[in-house]
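Coordinate-derived values only; no laboratory data. Everything quoted here is computed from the prediction, not taken from an experiment. As a convention, Cβ positions derive from the backbone with ideal geometry for all residues, glycine included, and neighbour counts pool all protein chains shown.
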Amino acid sequence: MLLWPLFVAGIVESPRHGLRRWVVKCLEMIGNTMGIDQALAVADIISADPGILRSVSETEEEDGLIGDSNAPDLTSRLPVPLTG
């Protein structure tokens with residue numbers, strides 16, 4: 001019953017936020033002590049995700065992609081709007 005609320009609480013903040021680290025530790029404890037493998041999978045997802053409230057530009061700035069000529073052009077993957 002706690003996996004979904006913990007997931008939501010953890011995914012909202014940035015990866016270095018204290019709440020997010022606490023949520024990952026809670027999920028790992030649930031997975032390791034109670035044998036619920038789903039909790040370990042959710043902890044892995046939270047650890048890898050940049051956070052849902054963070055914009056793409058914030059993530060790229062932290063990763064050093066802004067201003068990097070080797071960065072992929074992600075705009076080519078956007079859907080083309082239909083015109084009528």
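What does the net charge come to around Ile36 if you take all other residues with beta carbon closer than 14 Å to its beta carbon, with K and R at +1 and D and E at -1?
-3
Calculate one ³J(HN,Hα) per residue across the range 33-47 by plugging θ = phi - 60° into the Karplus curve 6.51 cos²θ - 1.76 cosθ + 1.60, and present them in order as whole Hz with x for glycine and proline.
Whole-Hz 3J(HN,Hα) from phi for the range 33-47: 8, 9, x, 8, 5, 4, 5, 5, 5, 5, 4, 5, 5, 5, 5.
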